[in-house]
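Visitor: Sending over a structure as structure tokens; questions will come in a sec.
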Amino acid sequence: MDSFIRIEKRCEHKKPTLCVDDLGANALLQNSSHFHKEADFLLRRGIRDVQSEWGGWLGQYQTRPQSELRNLDRDKWQSRGRGGLST
């Protein structure tokens, strides 16, 4: 109950290994860093809009990257207003 897991396949010492992280469902929704990274990943792939198609917990999970995308866009425009983007 109250679990959200991430499963990654890694190679350690030339052997495939599965790593399982229990992120906690509600704790994950409060993890701003996770969603900031997700939004950054989406932007790098050219995705600027995420539509939430689900209700409940999954709908909340889908809504968070969209909020972060808006924050990143707002920060970008504010940065331009102060003399441009830093490189």
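The values are calculated or read from the model by the stated rules, or taken from the named source; none is laboratory data. These numbers come from a predicted model, not from an experiment. Cβ: placed from backbone, ideal geometry, glycine included. Neighbour counts: every protein chain shown.
Visitor: In this structure, is Thr63 at pLDDT 90 or above and assigned by TED's automatic domain parsing to the domain that holds Lys76?
Guide: yes
Visitor: Just to verify a result, which residue in region 43-76, among those that are under 12 Å from the mean Cα position of the chain (by Cα), under 26 Å from Asp2 (Cβ atoms) and not acidic (Asp, Glu), is surrounded by the fewest Cβ atoms within 10 Å (Cβ to Cβ)?
Guide: Among those residues, the one meeting the criterion is Ser67.
Visitor: Out of curiosity, is Cys19 touching a strand residue (DSSP E or B) at 6+ places or on another chain (Cβ under 6 Å) and not in a helix (DSSP H, G or I)?
Guide: yes
Visitor: (1) surrounded by fewer than 10 Cβ atoms within 10 Å (Cβ to Cβ); (2) not assigned by TED's automatic domain parsing to the domain that holds Lys76: which one isn't true of Gly24, the others all being true?
Guide: (1)
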